[in-house]
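Report on the following structure.
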Amino acid sequence: MKHFQLLISLIFIGIISTAQSVGDKLTKAMQQLKNDSALKHASVSLYVVESKTNKIVTDYNSELGLAPASCQKILTSVTAFELLGKDYQYKTELGYDGAITNGVLKGNLYLVGSGDPTLGSWRYSVTKDTAIVKEWLDAIKDAGIKSIDGNILLDGRKFSYQPLPGGWIWDDIGNYYGAGTWGLNWHENQYDLVLQPGDNEGDDVTILKTNPALQRAFLKPNIKTGKKGSGDNGYIYLPPYSNTGFIEGTVPAGEKTFTISGAFSHPLWQIQQVLDDALNKENIGFKTMFDLSTIDDTVMRKPSKIIVTHKSPTLDSINFWFLKKSINLYGEALLKTIAYEQTGMGATDKGVDIVRKFWQEQGMDVGALKIIDGSGLSPQNRITTSVLVNVLQYAKDKKWFSSFYEALPLYNGMKLKSGSIGGSKSFAGYHTSKAGIDYTVAIIVNNFDGSASAVVKKLFSVLDELK
């Protein structure tokens, strides 16, 4: 019995000493990182705790507010799970007012959105644009509507008219990752721009097509041909609601075609064209089609009868792609949805206030939550590694945790969300060591010098101490 107790004691002491040595190793690794010439002028923060006990393993500037980039999505994701629920679904309604007589709708047809970021998305079979349009057409036919003696009204007013958060920079807006968020979204508000570079550096670049076809907007190709193998250095400048934009930068020489992706300046223009084509094909006429948010609708027109309600995939499924592929549109939609469900208006600033208040109620210092958006794209965001770790710790005891955990990508053999914007790199998530110890970790570096890929290797050399 004494030998058994001695053995248990030695194992216990070994575990403690291992945890202590990990902390020491991390401290040493962080000092080496900070002494690296690429981080001479950088701000760095690392916070690690043992997941099961919340015991601090290492704390290096954990209360320093830094730009988290896409690691901010962790905050949005966990808040959405808590305030909306993992089974939450967006609803897009097709309905009408008036009456149907002998196949003629004596009234208006309405398409009412709730900010669904998956409407028309290619990521799910039930959300593809062709599936959605078929669902709408089938509902119109089943309702007995052969002609519309009225208008088609697109209603995205559950979200604010402003589609972009404050603080997003000009170079991002117009590109797919800088897409705005409306009450009615389509095809993730994204299109592909197919270009034909020249054979030599400096040659003009030709626009071959957009897919899907860009509606009501013209792009001027100021973009040039770059060196062979230079990659995508093209930027699209097309702000929301604009009919004109331009492309600058370079795409590599020697490519038969080269594709970059942009953001619709207004997704309702895309929906209008899709609906118009579908109805014309079925010879279903109507007077005109317009966006209700563009008029002074004092009576707040709405349908009296709903003929079909399209439901989005559940939030846990949306969250999978949100974290796995780091889709900024999903984060901004979730933030606005949180605001809509609690205030009746899906506005970014309202969502930010609710998120900050929620975490303040969980005991966090609201001063450590200087957030501007839901995706982390704004370089003005500032949060701490202690906030990220505390949010991750909060999540692990929830019933929906497995859905959240599975959505985290795998980096360096660890379940981590990554973040990257100009001069900033971050990782946050979970790891189980070979010794069987679970860790929760967050690391952020701002204002580094050199390439992001080189800095990632340096950060991984620190995180490797947890293995």
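Nothing in this text is a laboratory measurement; each read-out follows from the coordinates by a stated rule. What you see is a predicted model, and the numbers here were worked out from it, not measured in a lab. For neighbour counting, all protein chains shown are included, and Cβ atoms are generated from backbone atoms with ideal geometry for every residue, glycine included.
Some notes on this structure:
- Listed by chain and number, the lysines placed with their C-alpha closer than 17 angstrom to that of Lys228 are Lys256; residues fewer than eight positions away on the same chain are left out.
- With a Förster radius of 22 Å applied to the beta-carbon distance between Tyr177 and Lys415, the computed FRET efficiency rounds to 0.45.
- Charge dipole of the chain (Cα centre as origin; +1 on each Lys and Arg Cβ, -1 on each Asp and Glu Cβ, all else neutral): 1040 debye, rounded to the nearest 20.
- Nearest-0.05 FRET efficiency for Lys434 and Met345, computed from C-beta distance (R0 45 Å): 0.35
- With Cα atoms, 0 to 90° folded angle of helix 385-395 axis to the chain main axis: 70 degrees
- Cα point-scatterer Debye curve for segment 176-263, base-10 log of I(q)/I(0) at q = 0.15 Å⁻¹: -0.53
- Once the C-beta distance of Lys357 and Asp203 is scaled by a Förster radius of 51 Å, the resulting FRET efficiency is 0.40 to the nearest 0.05.
- Computed Kirkwood radius, in angstrom, where 1/r is averaged over Cα pairs of segment 136-288: 17.2 Å
- Interchain or long-range residues, amide H under 5 Å from Ser261's placed H: Tyr176, Leu193
- Whole-Hz Karplus values for segment 431-441 come out as 7, 10, 6, 4, 7, x, 8, 8, 10, 10, 9 Hz, taken residue by residue from phi with 6.51 cos²θ - 1.76 cosθ + 1.60 and θ = phi - 60°; glycine and proline positions read x.
- Kirkwood-type hydrodynamic radius, segment 53-212: 20.2 Å, calculated from all non-identical alpha-carbon pairs.
- Taking other residues whose beta carbon is less than 13 angstrom from the beta carbon of Gln72, and scoring Lys, Arg as +1 and Asp, Glu as -1, yields +3.
- Charge sum, other residues only, whose C-beta stays under 13 Å from Ile338's C-beta, Lys/Arg counted +1 and Asp/Glu -1: -1
- Under the Debye formula (equal points on every Cα, no solvent term), log10 I(q)/I(0) of segment 356-437 at q = 0.24, 0.26 Å⁻¹: -1.37, -1.43
- Projecting label points 7 angstrom from Cα along Cα→Cβ for Lys227 and His41 puts them 2.4 nm apart.
- Amide H partners (placed H, <5 Å) of Thr58, local residues excluded: Val48
- Segment 124-201 versus segment 347-426: alpha-carbon centroid distance in Å: 27 Å
- Considering only alpha-carbon pairs that sit under 8 angstrom and 6 or more positions apart, the relative contact order computed for segment 83-182 is 28 percent.
- Annotation: for a label point projected 7 angstrom from Cα along Cα→Cβ of Asp276, residues of segment 134-167 with backbone N closer than 13 Å are 152.
- MRE, 222 nm, helices only [DSSP H, n ≥ 4, -39500 (n - 2.57), over the chain, to nearest 500]: -10000 deg cm²/dmol
- P(r) weight above 31 Å for the chain, C-alpha pairs, percent: 50 percent
- Label point at Lys287 placed 7 Å out along Cα→Cβ; residues across segment 132-151 whose backbone nitrogen lies under 20 Å: 145-151
- Full-stretch length increase - Lys370, Asn151 - with 0.36 nm per residue and alpha-carbon distance subtracted: 74.4 nm
- Remark: relative contact order (the chain) = 24 percent; criterion is Cα-Cα distance under 8 angstrom and separation of 6 or more residues.
- Local net charge near Gly422, Cβ-Cβ under 11 Å (Lys/Arg +1, Asp/Glu -1): -1
- Approximate spin-label separation Lys396-Val299, in nm, with each point projected 7 Å along Cα-to-Cβ: 5.8 nm
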